[in-house]
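Novice: My structure is below; once you've seen it, I'll send some questions.
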Amino acid sequence: MSDDEHGPKPSLRPTSPSTLAVVGLAGAALTLLLVARYYQQAPDLAWHNSLVVFALAALLAWMAWTTRKTLRPSPRQMRTAGVEGRPSRAPGRLEGPEHALQIARFAVLAKAAAIAGAAFFGAYLGFTVWLAVQSGRLTAAAEDLPEAVLGTIACAVLIAAALWLEHSCRIPPQDDERDSHEPPLP
């Protein structure tokens, strides 16, 4: 238990690069093993699968941009907010618990998307490596190679967008929190 009067501290940590690397390597190794044995029974790779991943990455990037803009408004946005009659608020100041809950949900979504993106990146990468090696021998492998490369790129873009959203969900320290940790001025 925590001695803090507000309860325990939040435990959601940023996604570590080692986690993404391990998940990606596991996906690649598993895919290489399965593709080497069952390539003829594998479903066809299609470009529209990558299009869906790109669309998800674009949605996450848009969420990251709007979240960052909300939590860290530019000086121009701060001045405009005060001029238009809306109360000017401090950067990162969330108005109500529903906004904090939304930011927490975005952070969880970003973490899940980054890990899933790493797993699919590894799978597509394993498939791409196997197809590249076999493309000189099998015409079907040479035909599937462009879609596998596109899927690998789409998953890398998804990971980048998810990590950006996760980083954008970090709430800057509040003024009263900064003041309580600084020694009083004489």
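Any read-out appearing in this document is the output of simple, stated calculations on the displayed coordinates, not a laboratory observation. Keep in mind it's a predicted model, so treat the numbers as computed, not measured. Reconstructed Cβ throughout: ideal geometry from the backbone, glycine too, with neighbour counts over all protein chains shown.
Novice: I'd like the FRET efficiency for residue 143 and residue 26, computed as 1/(1 + (r/R0)^6) with the beta carbon distance as r and R0 of 25 Å, rounded to 0.05. Working shown, then result.
Specialist: Numbers: r = 27 Å, r/R0 = 1.10.
Using R0 = 25 Å, I get an efficiency of 0.35.
Novice: Tell me the net charge near residue 43. Cut-off is 13 Å between Cβ atoms, residue 43 excluded, with +1 for each Lys or Arg and -1 for each Asp or Glu. The partial results should precede the final answer.
Specialist: Numbers: positive: none; negative: 44, 144, 147.
With Lys, Arg at +1 and Asp, Glu at -1, the neighbours total -3.
Novice: Still on this model: Please give the contour-minus-distance gain from residue 153 to residue 132: 0.36 nm per residue of separation, less the Cα-Cα distance, rounded to one decimal in nm.
Specialist: Values: separation 21, 0.36 × 21 = 7.56 nm, distance 1.53 nm.
That pair, residue 153 and residue 132, stretches by 6.0 nm at full extension.
Novice: If we sort 57-70, 133-146 on the protection proxy, mean other Cβ atoms within 10 Å, highest first, what's the order?
Specialist: 57-70, 133-146
Novice: Under 15 Å from the Cβ of residue 145, count the other residues' Cβ atoms, weight Lys and Arg +1, Asp and Glu -1, and hand me the total. Walk me through the numbers on the way to the answer.
Specialist: Working: positive: 137; negative: 44, 143, 144, 147.
With Lys, Arg at +1 and Asp, Glu at -1, the neighbours total -3.
Novice: Compute the distance in nm between two label points, each set 7 Å from the Cα along the Cα-to-Cβ direction, one at residue 19 and one at residue 48.
Specialist: About 3.4 nm separates the two model spin labels.
Novice: Hey, another quick one. Note down the nm distance, to one decimal, between modelled labels 7 Å out along Cα→Cβ at residue 34 and at residue 55.
Specialist: Rounded to a tenth, the inter-label distance reads 2.3 nm.
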